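The values are calculated or read from the model by the stated rules, or taken from the named source; none is laboratory data. As the structure is a prediction and not an experimental result, all values here were calculated from the model. All Cβ positions, even for glycine, are placed from backbone atoms using ideal geometry, and neighbour counts span all protein chains on display.
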Amino acid sequence: MAVKIRLARRGRNKMPIYDIVVADARAPRDGRFIEKLGQYNPHATPAIVTLKNDRALYWLQVGAQPTDTTRKILSVNGVMFKKHLQIGVDKGAITQEQADAKFETWSKAKEEIRSQKIAKLNSSKEATRSAAFDAERKKKEDKVAAIAKAEADLKAASAPVVEEEAVEEVVTETPAVEEASVEEVAPEASTEETPAAE
């Protein structure tokens with residue numbers, strides 16, 4: 001029986017979560033499986049993988065063939081490297097202690113790289129978020145300043161115009177009244193003079 005280590009899909013629409021399973025190669029994708037080795041969530045950043053490393057190593061040693069995606073997952077988690085080292089131990093090329101030491105140094109280096117990537121992702125997310133927040137704040141402050149300036153200009157334009165109009169009206173009304181009274185006085189004098197001449 002051909003045995004494969006592969007992904008079985010579950011989850012909701014457009015948000016799948018995959019189970020890492022050992023199954024017969026002829027079984028359907030989400031059908032019967034022999035053993036569940038772990039879980040893979042590709043939607044998290046970085047992707048979340050939970051895996052039983054010792055059971056995955058066992059199935060690789062007895063001949064299970066991983067699919068491309070599961071091979072990459074197993075490689076990232078160190079199962080493929082551990083299998084490689086175990087083959088060297090079985091052939092007598094290295095001792096078990098040497099293999100364990102090599103695997104520990106590899107896993108420490110890999111964990112350091114992974115933690116740096118996570119820190120970089122988090123810092124870039126925070127930087128992006130703070131830059132967007134600062135841009136929004138600046139935009140809002142500019143808008144408030146523009147509104148305040150427009151209101152000040154409106155008040156400045158309205159206030160002097162009202163005062164100037166009131167002053168002009170008062171000035172123009174006073175001479176008009178005086179001219180009218182002068183005109184009224186003048187026709188009376190001329191009418192009185194005309195009858196006297198006859």
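Considering only region 41-84, state which residues are part of a loop (DSSP other than H, G, I, E, B) and free of Cβ contacts under 8 Å to residues at least 60 places away in the same chain.
Hits for region 41-84 are Pro42, His43, Ala44, Ala47, Lys52, Val62, Asn77, Gly78.
In region 41-48, is there at least one residue being among the aliphatic types (A, V, I, L, M), surrounded by 14 or more Cβ atoms within 10 Å (Cβ to Cβ) and touching a strand residue (DSSP E or B) at 6+ places or on another chain (Cβ under 9 Å)?
Looking through region 41-48, none of the residues is among the aliphatic types (A, V, I, L, M), surrounded by 14 or more Cβ atoms within 10 Å (Cβ to Cβ) and touching a strand residue (DSSP E or B) at 6+ places or on another chain (Cβ under 9 Å).
Out of (1) closer than 24 Å to Glu111 by Cβ; (2) among the polar types (S, T, N, Q); (3) out of contact with any Asp or Glu (no Cβ under 7 Å at 6 or more places or on another chain), the odd one out for Asn13 is which?
Answer for Asn13: the failing condition is (1).
Only one of (1) of a type outside the set (Ser, Thr, Tyr); (2) in contact (Cβ under 8 Å) with a residue 12 or more places away in the chain; (3) under 21 Å from Ala2 (Cα atoms) is not met by Ala27, so which one is it?
(2)
Just a yes or no: is a residue in region 11-19 out of contact with any Pro (no Cβ under 9 Å at 6 or more places or on another chain) and β-branched (Val, Ile, Thr)?
no
Could you grab me the full set of residues in region 91-104 that are assigned to a helix (DSSP H, G or I) and exposed (fewer than 10 other Cβ atoms within 10 Å of the Cβ)?
Residues satisfying the conditions are Lys91, Glu97.
Test of understanding: among Arg9, Arg32, which residue is assigned to a strand (DSSP E or B), modelled with pLDDT under 95 and loosely packed, with under 14 Cβ neighbours inside 10 Å?
Arg9
Look through region 12-29, keep the residues that are part of a loop (DSSP other than H, G, I, E, B) and aliphatic (A, V, I, L, M), and return whichever of them is surrounded by the most Cβ atoms within 10 Å (Cβ to Cβ).
Result: Ala27.
Which one of the conditions (1) surrounded by fewer than 14 Cβ atoms within 10 Å (Cβ to Cβ); (2) assigned to a strand (DSSP E or B) does Ile87 fail to meet, given that it meets all the rest?
(2)
Output the number of residues of region 69-113 satisfying the condition of being out of contact with any strand residue (DSSP E or B) (no Cβ under 9 Å at 6 or more places or on another chain) and among the β-branched types (Val, Ile, Thr).
Residues meeting the conditions: 6.
Would you pick out the residues in region 4-36 that are within 26 Å of Lys117 (Cα to Cα) and of a type outside the set (D, E, K, R)?
Leu7, Met15, Pro16, Ile17, Tyr18, Ile20
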